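As structure tokens, the structure follows; a few thoughts come after it.
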Amino acid sequence: MNLFVTGTDTGVGKTHTVVQLLRLLRAAGLRCAGMKPICCGDRQDAQLLLAAGSEGLSLDELNPIWLKTPAAPFAAALVEQAEIDIPRISEIFGDLARRFDCVIVEGVGGWLVPIRADFFVSDLAGKLDLPVLVVAQNRLGCLSHSMLTVRAVQAQKLKCAGLVMNEPPGQRDIAVSTNVDILRRLLDVPVVGGLSETMAELPSEWQTMSDKV
């Protein structure tokens, strides 16, 4: 199974979540690859995916589009007078999907971050035709962001595989303590408060990701 990982915002722990997923899936015996189609600014996210287990891949295979400007892809491309090659992203993803049991694709920023004037992160997930895992940071204010993103994924007729709530250390207030339970009551997708150590501890809907057949 392949998966697209998006966030409710930038800096909510998408890369951390993808790295954990790759480790879990590899421990379950699958050959996996992480892909970061677009990096803006540095390539740290792609480098972390590479370090999680490259399987012989190069950084350019995992991250085919690198814009040096630390801004949304559309803005960075305008600054650098560059063209973001969507067909190239699709081609490289297709090659990885043929070579590996599972490819985890990490988006850039949130669901509606513009890649081009007429093409958003949501469109990239749709073009790759992947189920979408939403990542949020468990903090005050995340309820609305999380529900808006999950419902936007579903409104686009894409399967939402679930929601991961990453909890910053040392911030255990009443909102952080109750957000996961509240979202489980309000959403019709699996909601977890961070990823577990084994696939068996994850929601049953996710455990099929480790099926080799």
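Here the contact order of segment 3-210, divided by its residue count and restricted to Cα pairs under 8 Å and six or more residues apart, works out to 25 percent.
Sites count as exposed loop sites when they are GluC sites (Glu not before Pro), lie in a DSSP loop, and have at most 12 other Cβ atoms within 10 angstrom; the longest stretch of the chain without one is 84-196.
Placing +1 on the Cβ of every Lys and Arg and -1 on the Cβ of every Asp and Glu, with no other charges, gives segment 3-210 a dipole of roughly 280 debye about its Cα centre.
The calculated 222 nm mean residue ellipticity attributable to helices in the chain amounts to -12000 deg cm²/dmol, summing -39500 (n - 2.57) over DSSP H runs of n ≥ 4 and dividing by all residues. For the options Met147, Met165, Met35, a Gaussian network treatment of the chain with springs between C-alpha atoms closer than 10 Å singles out Met147 as fluctuating the most.
Summarising the strand pairing of segment 57-178, around 25 percent of its internal DSSP beta bridges are antiparallel. Can you tell me which of Leu48, Leu140, Leu128 moves the most in a GNM of the chain? Springs connect C-alpha atoms under 10 Å apart. Ranking Leu48, Leu140, Leu128 by mean-square fluctuation puts Leu140 first. Computed 3J(HN,Hα) for segment 152-162, one whole-Hz value per residue from the Karplus formula 6.51 cos²θ - 1.76 cosθ + 1.60 where θ = phi - 60°, is 5, 4, 5, 5, 7, 6, 9, 6, 8, 6, x, glycine and proline marked x. Among DSSP beta bridges lying fully in segment 3-210, give the percent that are antiparallel, nearest 5. Here the share of antiparallel DSSP bridges comes out near 10 percent.
No lab work stands behind these numbers, since they all come straight from the coordinates. These numbers were taken from a predicted model, which means no experiment stands behind them. Neighbour counts are summed over all protein chains in view; Cβ atoms, including those assigned to glycine, are modelled from backbone coordinates with ideal geometry.
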